[in-house]
Amino acid sequence: MRDVIIVGAGPGGSAAAKYLAEKGYDVALYEKRQEIGAPKRCAEGFSLAGAKEFNLDLPKNCIRQKINSSRVYSPNGNFVEINYEVDGGCILERKVFDKWLVEEAVRKGAKVQAKTTITGLLKENGKVVGVKGEFFGEKFEERCKMLIASDGIESKISRMAGLNTACNPNLVDSGVQFEMAGIDIEDQKKIYLYFGNEIAPGGYCWVFPKGKDIANVGIGVLGRNNLPAIKYLEKFIESKKELKKGSILEVNSGGIPVGGLLQKMTLDNFLVVGDAAHQVNPIHGGGLYEAQFAGRIAAEAVDEALKRGDTSEKQLSKYNKEWWEQRGNHLRNVEKLKEVFKKLSDEDLNFLSENLKGNNLADFCEGINLKFFGKLLMKRPHLIKFAKSLF
Ligand SMILES: Cc1cc2nc3c(=O)[nH]c(=O)nc-3n(C[C@H](O)[C@H](O)[C@H](O)COP(=O)(O)OP(=O)(O)OC[C@H]3O[C@@H](n4cnc5c(N)ncnc54)[C@H](O)[C@@H]3O)c2cc1C
């Protein structure tokens, strides 16, 4: 019997596997794709402070481009710039990064297997005690003391275990992206974000440089709209002479859970991390940091539970508590901001952009200093009712 089985080798699953293997547990990490990290479903933006926090000594080939600033456009074409500490962020090569994270878990002693789909769960007295899987058409069963679901937004494992983690479709961004080459980029160390109800309803378009003439050019739009996300992206690219001459090297798409944070992420012998638990920043849709963070604190909770020989839901609920204290409450504030954000007209967005100059927009994305934001909204009478939720 394994100590821990983990389903899904994205950043959340790899982080949990690495931390648990490091503590000496017998860990298996199963991934249904035949190549870990591919195809990518990501704009590949990651904070280097996050890498430092997780002690990731990123090999050079994981990083395509260091980033030192971002430019946020309002619908009227004005913009606000944010300068980070020197090279505060990067655009990863996720296919390399995801595989490297898994290699790190293997180095610590985890067993990893690609092209292995977990198709069902073994249960006794209603409790999860293992998995049923398939590798190259060959079926297998394996028992474990703990099961971690890190199977992404399409998560089925939680439902099989008996935990309802279904996403509310109104709280899911549709993301579509082209990796484009042969485009002009003003500054390859800057990321570019474009807001507006005509451009990207409830979301934004992005240009994340991966070099001097290559970038991830994408869009995330919230819920149902007049057009599918791909049409908004095509319109956006067509409107920019520096982009429309480019070639498309890759098409990436996927859903992004941008709300509906879960209070309960545990059952007896079971917990869920990452996108599968909606652990994503609701305002910008970034989940790389959140998945790894959750993987780490999930590993701490599992370690304590295994040491005590008690993997009951009650014991594991420490994970819920820790996550809410350290991340959930911040993200809940960001969720409130997102709620306001999706109700703003283009004129409101233009007003905000004018008045936010000189402020640290990154703080708002972390749910910090929302009072300032609320006070700004109070200056526009029709926004007072939304502003109140931010105090
Ligand atoms: C278009 C787009 C752009 C994005 N851009 C960014 C960005 O720039 N920065 C950022 O931080 N985040 C971004 N994100 C979000 C980020 O990609 C996710 O938050 C992150 O990958 C979540 O990691 P995870 O480990 O929870 O899940 P995932 O990375 O989705 O990994 C889940 C894994 O589980 C596997 N799996 C599923 N079911 C099974 C099964 N039954 N058996 C075995 N394996 C299974 C899947 O194949 C997958 O590999 C973006 C997302 C999208 C869609």
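Applied to segment 191-206, the Karplus parametrisation 6.51 cos²θ - 1.76 cosθ + 1.60 on θ = phi - 60° returns per-residue 3J(HN,Hα) values of 9, 10, 10, 10, 10, x, 5, 7, 7, 7, x, x, x, 7, 9, 9 Hz, with x for Gly and Pro.
For the chain, with the dipole built from +1 on Lys and Arg beta-carbon atoms and -1 on Asp and Glu ones, taken about the Cα centre, which of Met1, Gln292, Ile384 lies farthest toward the positive end? Checking the options against the dipole of the chain, the answer is Ile384. Taking only the alpha carbons of segment 169-257, we obtain Rg and Dmax values of 12.5, 37 Å in that order.
When the alpha carbon coordinates of segment 276-391 are projected onto the principal axes, the ranges are 58, 24, 22 Å, largest first. Enclosing the Cα atoms of segment 75-142 in their convex hull gives a volume equal to 261 cubic angstrom per residue. Across q = 0.14 Å⁻¹, the chain modelled as identical point scatterers on its alpha-carbon atoms has Debye log10 I(q)/I(0) values of -1.22, in the order of the q list. Shown here is the pair-distance distribution of segment 93-249: with all Cα-Cα distances grouped in 10 Å bins from zero up to the longest one, the shares run 9, 26, 25, 23, 15, 3, 0 percent. Annotation: the antiparallel percentage among DSSP beta bridges lying fully within segment 1-134 is about 75.
Going by alpha carbons, how many degrees (0 to 90, nearest 10) lie between the helix axis of 329-341 and the longest principal axis of the chain? The helix 329-341 is inclined about 40 degrees to the chain. Each peptide among 98-105, 28-35 gets the average number of other Cβ atoms lying within 10 Å of its residues, and from highest to lowest they stand as 98-105, 28-35. Helices in the chain, meaning DSSP H runs of at least 4 residues, each add -39500 (n - 2.57). Divided by all residues, the mean residue ellipticity at 222 nm is -9500 deg cm²/dmol.
When both bridge partners sit in the chain, DSSP labels roughly 75% of those beta bridges antiparallel. Across segment 193-301, counting alpha-carbon atoms alone, Rg and Dmax equal 17.0, 56 Å.
With coordinates expressed along the principal axes, the C-alpha atoms belonging to segment 259-310 extend over 39, 18, 12 Å, beginning with the largest.
What the chain shows is 44 Å² of accessible area per residue, with the surface traced by a 1.4 Å probe over protein heavy atoms. Candidates Asn225, Gly133, Phe54 compared by Cα position along the dipole of the chain: farthest toward the positive end lies Asn225, with charges placed on Cβ. Report, in listed order, any pair from Lys321/Lys371; Lys212/Lys342; Lys210/Lys342; Lys111/Lys139 with a Cα-Cα distance greater than 21 Å. Over 21 Å apart, Cα to Cα: Lys321/Lys371; Lys212/Lys342; Lys210/Lys342. Rounded to the nearest 20, the Cβ-based charge dipole of segment 211-297 about its Cα centre (Lys and Arg +1, Asp and Glu -1) stands at 360 debye.
So for the chain, taking the charge dipole from beta-carbon charges (+1 Lys/Arg, -1 Asp/Glu), which of Thr311, Leu171, Gln279 sits furthest toward the positive end? Sorting the options by dipole projection puts first Leu171. Relative to the longest principal axis of the Cα atoms of the chain, the long axis of helix 11-22 makes an angle of roughly 40 degrees. The fraction of all Cα pairs in segment 335-390 landing in successive 5 Å bins from 0 to the largest distance is 4, 20, 35, 31, 11, 0, given as whole percents. State log₁₀ I(q)/I(0) for segment 1-131 at q = 0.10, 0.15, 0.19 Å⁻¹ as given by the Debye formula over alpha-carbon point scatterers of equal weight, solvent excluded. Calculated log10 I(q)/I(0) at the listed q: -0.43, -0.78, -1.06.
Only the Cβ atoms of Lys and Arg (+1) and of Asp and Glu (-1) were treated as charged; on that basis the dipole of the chain about its Cα centre amounts to roughly 520 debye.
Post the alpha-carbon centroid distance, segment 1-55 to segment 292-339, in whole angstrom. That distance is 17 Å. In this Cβ point-charge picture (+1 for Lys and Arg, -1 for Asp and Glu), segment 335-390 has a dipole of about 280 debye about its Cα centre.
The values are calculated or read from the model by the stated rules, or taken from the named source; none is laboratory data. Keep in mind that what you see is a predicted model, and the values were worked out from it rather than measured. Positions of Cβ are backbone-derived with ideal geometry, glycine not excepted, and every protein chain shown enters the neighbour counts. Heavy atoms of the whole protein, side chains included, go into the accessibility calculation; ligands, DNA and RNA do not. Shrake-Rupley method; radii C 1.70, N 1.55, O 1.52, S 1.80 Å.
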